[in-house]
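Undergrad: Here it is: the structure, laid out below.
The values are calculated or read from the model by the stated rules, or taken from the named source; none is laboratory data. Fair warning: this is a prediction, and the values are worked out from it, not measured in the lab. All Cβ positions, glycine included, derive from the backbone under ideal geometry; neighbour counts span all protein chains shown. Side chains included, ligands, DNA and RNA excluded: accessible areas come from the protein's heavy atoms. Shrake-Rupley method; radii C 1.70, N 1.55, O 1.52, S 1.80 Å.
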Amino acid sequence: MLRDYRADDAEAIVRVALAAFAEFEQHYSDWPLFTANVAKMPRLAKTGEIIVAEDGGQIVGAVAYVGAQAPKPEFFDPAWPVIRMLVVDPSARGKGIGRQLTEECLRRAERDQSPAIALHTTPIMTIALPMYLRMGFVRSGDAPDILGVPYAVYVKSLA
């Protein structure tokens, strides 16, 4: 079940986010810094809409939808909404939760009458990146590396 984030979800989504990224520890040059930034996920509720996924009453995933006019990193077109920090608990993978969260972001972009939606990700995310490509996202350019890991921007046209 998907629902909007509540302030009392903060601890649970940080736990899920840290668990989701744990497998990538060896790729980042400063893991403590990376995890400190991941733990800031609840702050995205100040500029965007965090959507949480529950299974059996437990939060097992989350994503932030940041609208077109909200502040976002400069490598994104400011006119487009973006998908940020899609995370799924490793114990809940394979159930389509990541796809459901992404589809909800697409619905919100359509609600906002956006012509496109963007995200950034990296080839080390061997589950997420192929999913985005299957969903129609297309690589549109480089994004800055994050602690030694290459990232790129992907865009999906909604027109």
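The rows are residues; the columns are (1) in a strand (DSSP E or B); (2) closer than 29 Å to S29 by Cβ; (3) among the small types (G, A, S); (4) out of contact with any helix residue (DSSP H, G or I) (no Cβ under 9 Å at 6 or more places or on another chain).
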| position | (1), (2), (3), (4) |
| --- | --- |
| D77 | no, yes, no, yes |
| R99 | no, no, no, no |
| T102 | no, yes, no, no |
| A109 | no, no, yes, yes |
| P144 | yes, yes, no, yes |
| V153 | yes, yes, no, yes |
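Listed here are the residues, each with its yes/no results for (1) in contact with a Pro (Cβ under 6 Å, 6 or more places away or on another chain); (2) open to solvent by less than 60 Å² (accessible area, probe 1.4 Å); (3) of a type outside the set (A, V, I, L, M, F, W, C); (4) modelled with pLDDT under 95.
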residue: D4; (1), (2), (3), (4): no, no, yes, no
residue: A22; (1), (2), (3), (4): no, yes, no, no
residue: Q26; (1), (2), (3), (4): no, no, yes, no
residue: P32; (1), (2), (3), (4): no, no, yes, no
residue: T35; (1), (2), (3), (4): no, yes, yes, no
residue: V52; (1), (2), (3), (4): no, yes, no, no
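Undergrad: Right, A12: modelled with pLDDT of 95 or more, out of contact with any Gly (no Cβ under 9 Å at 6 or more places or on another chain) and assigned to a helix (DSSP H, G or I) or not?
TA: Taking the combined requirement at face value, the residue satisfies it.
Undergrad: Condition test on A45, is it under 13 Å from the mean Cα position of the chain (by Cα), at pLDDT 95 or above, under 19 Å from T126 (Cα atoms) and in a helix (DSSP H, G or I)?
TA: On the way: under 13 Å from the mean Cα position of the chain (by Cα): yes; at pLDDT 95 or above: yes; under 19 Å from T126 (Cα atoms): no; in a helix (DSSP H, G or I): yes.
No, not satisfied.
Undergrad: Output yes when any residue across segment 85-94 is touching a His at 6+ places or on another chain (Cβ under 9 Å) and either in a loop (DSSP other than H, G, I, E, B) or surrounded by 15 or more Cβ atoms within 10 Å (Cβ to Cβ) (or both), and no when none is.
TA: Of the residues in segment 85-94, the ones touching a His at 6+ places or on another chain (Cβ under 9 Å) are none.
No, every residue in segment 85-94 fails to be touching a His at 6+ places or on another chain (Cβ under 9 Å) and either in a loop (DSSP other than H, G, I, E, B) or surrounded by 15 or more Cβ atoms within 10 Å (Cβ to Cβ) (or both).
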